[in-house]
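Reading through the structure tokens given below for one structure.
The values are calculated or read from the model by the stated rules, or taken from the named source; none is laboratory data. Remember, it's a predicted structure, so these values are computed and weren't measured experimentally. Note that each Cβ is placed from the backbone with ideal geometry, even for glycine, and that neighbours are counted across all protein chains shown. Remember, those area values only see protein heavy atoms, side chains included, never the ligands or the DNA or RNA. Shrake-Rupley method; radii C 1.70, N 1.55, O 1.52, S 1.80 Å.
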Amino acid sequence: WTIGPVFYSAIAVAETFGKSNNSQVVDLNANGGNIYTPSYAIYDNGVLDKIALFNYITDPSGARTYTATISLADGALPSQLYVK
């Protein structure tokens, strides 16, 4: 037995979608649609619930960091923020 990339992506998608079975996913087209830094907004019953940011950057020097700035239209800040 070995655990491959499909297993890890299944966990990330399951946690992102949530338990309501009523999620809508919107591609945010971040960084001009850069394939190495995709991002998605997840709405649950029409209300923003999560934002999923992925980092697929690879660099021979080992640099893999990028900065994401998230702006909310109504300016409301969430009471809690979780990062995985």
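What value, in deg cm²/dmol to 500, does the helix sum -39500 (n - 2.57) over DSSP H runs of n ≥ 4 give at 222 nm once divided by the residues of the chain?
Working: 2 runs with 17 residues, N = 84.
It lands at -5500 deg cm²/dmol.
Calculate, for the chain, the solvent-accessible area per residue in square angstrom, rolling a 1.4 angstrom probe over the heavy atoms of the protein chains.
Working: 7180 Å² over 84 residues.
Computed with neighbouring chains in place, this is 85 Å² per residue.
Carbon and sulfur together cover what percent of the accessible area of the chain at a 1.4 Å probe radius?
Details: 4170 of 7180 Å².
With neighbouring chains kept in place, the figure for the chain is 58 percent.
With a ≥ b ≥ c taken as the square roots of the eigenvalues of the C-alpha gyration tensor of the chain, please select rounded if a/c is under 1.5 and otherwise prolate if a/b is larger than b/c or oblate if it is not? Could the numbers behind the result be given before it?
On the way: a/c = 2.05, a/b = 1.21, b/c = 1.69.
Judged from the Cα gyration tensor, the chain comes out oblate (a/c at least 1.5, b/c at or above a/b).
Short version: ³J(HN,Hα) in whole Hz for each residue of the range 33-50, in order, from phi by Karplus 6.51 cos²θ - 1.76 cosθ + 1.60 (θ = phi - 60°), x for Gly and Pro, what are they?
Coupling constants for the range 33-50: x, 4, 5, 8, 9, x, 9, 9, 9, 10, 9, 10, 6, x, 10, 4, 10, 8 Hz.
Within the set of other residues whose C-beta is less than 15 Å from the C-beta of Ser79, count the net charge using Lys and Arg as +1 and Asp and Glu as -1. It would help to have the intermediate numbers written out before the result.
Values: positive: Lys50; negative: Asp49, Asp74.
Summing Lys and Arg as +1 and Asp and Glu as -1 gives -1.
Excluding Asp44 itself, what net charge comes from residues whose Cβ is under 11 Å from its Cβ, given Lys and Arg +1 and Asp and Glu -1?
With Lys, Arg at +1 and Asp, Glu at -1, the net is +1.
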